[in-house]
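A.B. asks: What follows is a structure written as structure tokens; I'll ask about it next.
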């Protein structure tokens with residue numbers, strides 16, 4: 001029994017000893033430690049980072065989530081004027097007016113989604129026109145496109161946006177009601193019975209809502225056109241009753257946003273790689289920033305031995321002191337630029353890893369945005385695809401076809417040297 005007990009104690013001791021392992025770094029025995037050198041380098045001046053601000057080519061705005069109307073005079077970005085076109089549909093399979101039908105009034109209700117800019121008693125003058133050019137579901141509609149419209153104004157209304165004022169206990173948003181000239185309702189009735197929705201659309205192409213350009217700071221407001229609180233309502237009567245009928249906007253109805261930007265009174269200098277104290281990004285097909293790192297390969301070639309990029313992080317620091325009126329975009333995107341066509345980007349290899357790894361989110365606490373571009377920089381050093389087929393990076397607003405937000409950040413020539421854009425590289429050098 002004593003022998004068995006002693007044997008059991010020894011076995012337990014051996015098991016316990018075998019479970020205690022020394023923590024190791026994976027691969028630390030592959031190379032002698034004195035042959036690996038780890039260091040950090042920063043690229044943050046105009047020699048190491050070439051940059052410029054460019055306008056964004058037109059973007060597809062067909063069927064985007066929200067439609068915009070408004071005019072902003074931004075002291076930093078100049079004037080932005082946004083408007084939209086939309087079709088309408090019957091709310092029933094067919095429409096019969098009844099005998100002796102007469103149009104009484106017509107109103108367009110638009111359900112607010114949100115706003116951007118200054119809505120404190122800043123007025124917007126809105127005008128409505130009938131579209132005379134057909135829209136097609138299989139056509140492409142971009143932010144710089146316009147359609148032919150009738151010259152007669154169907155509405156001319158000045159209002160102060162109140163997008164966050166609830167209209168009832170169900171909807172936590174406001175609704176803008178626009179009186180429309182009843183002549184359009186009279187046209188609807190005079191055209192007779194609509195047996196199908198296609199019959200109605202052939203007669204009525206839709207509406208164009210546009211905003212006057214002015215010198216007010218003002219704002220742009222967005223509307224949810226497919227919401228049940230958005231409709232064109234005709235009040236009418238016939239020989240038997242007083243009635244109403246709603247023309248709605250379905251998800252299949254063609255609609256698109258039109259954007260114009262005038263930078264003549266802005267502080268932005270475009271297409272100039274020598275004037276880069278600030279760099280600028282703006283949604284709604286506004287501006288984007290171009291970056292290139294011309295000394296990366298020269299730096300790598302100056303080192304003896306192989307270079308492994310452990311981490312490369314591009315850090316952008318905001319140059320906007322007050323973001324209360326014009327909030328920065330919540331997310332930016334970095335992509336490899338190809339200048340053979342102005343709209344062609346290549347997705348960076350780091351973005352394929354995960355959005356959390358890649359970055360691009362605006363940090364409101366310190367006013368910064370960063371991107372992790374380690375594989376991209378490694379590719380530049382190896383003179384791979386991203387070095388030979390691309391011409392730097394473009395930084396632009398995520399979902400820029402429907403996000404009006406803008407932001408400026410310190411460029412490589414910023415007078416605030418600690419705030420300059422920087423590419424921070426942690427690398428390992430295997431000495432030969």
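Readers should treat all values here as calculations from the given coordinates under stated rules, not as data from a laboratory. Keep in mind that what you see is a predicted model, and the values were worked out from it rather than measured. Every residue, glycine among them, receives a Cβ derived from its backbone with ideal geometry; neighbour counts consider all protein chains shown.
A.B. asks: Given points 7 Å out from each Cα along the Cα-Cβ axis, report the residue 330 to residue 214 separation in nanometres with one decimal.
C.D. replies: With each label placed 7 Å out from Cα toward Cβ, I get 3.1 nm.
A.B. asks: Can you sort 414, 58 by how many other beta carbons sit within 10 Å, fewest first? Don't jump to the answer; show the numbers that get you there.
C.D. replies: On the way: 414 21, 58 17.
By the 10 Å Cβ count, ascending: 58, 414.
A.B. asks: Taking N as the number of residues in the stretch 265-321, what is its Cα Rg relative to 2.2 N^0.38 Å?
C.D. replies: Computed over Cα atoms of the stretch 265-321, the ratio equals 1.58.
A.B. asks: Also, I was wondering about something else. Using only helices, what value at 222 nm comes out for the chain when you add -39,500 (n - 2.57) per DSSP H run of length 4 or more and divide by the total residues, to the nearest 500 deg cm²/dmol?
C.D. replies: Result for the chain: -3500 deg cm²/dmol, rounded to the nearest 500.
A.B. asks: For the stretch 67-253, what D do you get in µm² per second when you plug the Kirkwood radius from alpha-carbon pairs into Stokes-Einstein at 25 °C and 0.890 mPa s?
C.D. replies: Calculated translational D: 140 µm²/s.
A.B. asks: To continue, here is another question. Hey, rough spin-label estimate for residue 274 and residue 322, points 7 angstrom out along Cα→Cβ, what's it come to in nanometres?
C.D. replies: 3.4
A.B. asks: OK, next. How much length, in nm to one decimal, is gained on full extension between residue 171 and residue 354, taken as 0.36 nm per residue of separation minus their Cα-Cα distance?
C.D. replies: 62.3 nm
A.B. asks: Exposure proxy check: 203, 135 ranked by fewest other beta carbons within 10 Å?
C.D. replies: 203, 135
A.B. asks: Can you work out the FRET efficiency for the pair residue 383 and residue 99, with r the C-beta to C-beta distance and R0 = 56 Å, to the nearest 0.05?
C.D. replies: Once rounded, the FRET efficiency stands at 0.10.
A.B. asks: Rank 199, 138, 246 by mean-square fluctuation in a GNM of the chain with C-alpha springs under 10 angstrom and give only the top-ranked residue.
C.D. replies: Looking only at 199, 138, 246, the largest GNM fluctuation is found for 138.
A.B. asks: How fast does the chain diffuse by Stokes-Einstein, in µm²/s, taking the Kirkwood radius from C-alpha pairs at 10 °C and 1.306 mPa s?
C.D. replies: It diffuses with D of about 62 µm²/s by this estimate.
A.B. asks: Another question about this same structure. Looking only at the stretch 345-377, which residues have a backbone nitrogen under 13 Å from a spot 7 Å from the Cα of residue 54 in the C-beta direction?
C.D. replies: Answer for this model: 345-346.
A.B. asks: Round to the nearest 10 and give me the degree value, 0 to 90, for the angle of helix 2-19's Cα axis relative to the longest principal axis of the chain.
C.D. replies: 60
A.B. asks: Follow-up question, since we're still on this one. Can you give me the relative contact order of the stretch 67-253 as a percent, contacts being Cα pairs under 8 Å and 6 or more apart?
C.D. replies: Numbers: 429 pairs, mean separation 80.6, N = 187.
Reported as a whole number, the value is 43 percent.
A.B. asks: Under a point spin-label approximation (7 Å from Cα along Cα-to-Cβ), what is the residue 139-residue 193 distance to one decimal in nm?
C.D. replies: Result for the modelled spin labels: 3.1 nm.
A.B. asks: Averaging sequence separations of C-alpha pairs under 8 Å and six or more residues apart, then dividing by the length of the chain, give the relative contact order as a whole percent.
C.D. replies: Reported relative contact order: 26 percent.
A.B. asks: Which value, to two decimals, describes the C-alpha radius of gyration of the stretch 291-432 once divided by 2.2 N^0.38 Å?
C.D. replies: On the way: Rg = 16.0 Å, N = 142, 2.2 N^0.38 = 14.5 Å.
Relative to the 2.2 N^0.38 Å estimate, the stretch 291-432 comes out at 1.11.
A.B. asks: Something else now. Fully extended, how many nm does the chain gain between residue 264 and residue 306 (0.36 nm per residue separation, minus their Cα-Cα distance)?
C.D. replies: Result: 10.2 nm gained on full extension.
A.B. asks: Which order results if 369, 107, 160 are arranged by neighbouring Cβ count within 10 Å, fewest first?
C.D. replies: Starting with the residue having the fewest Cβ neighbours, the order is 160, 107, 369.
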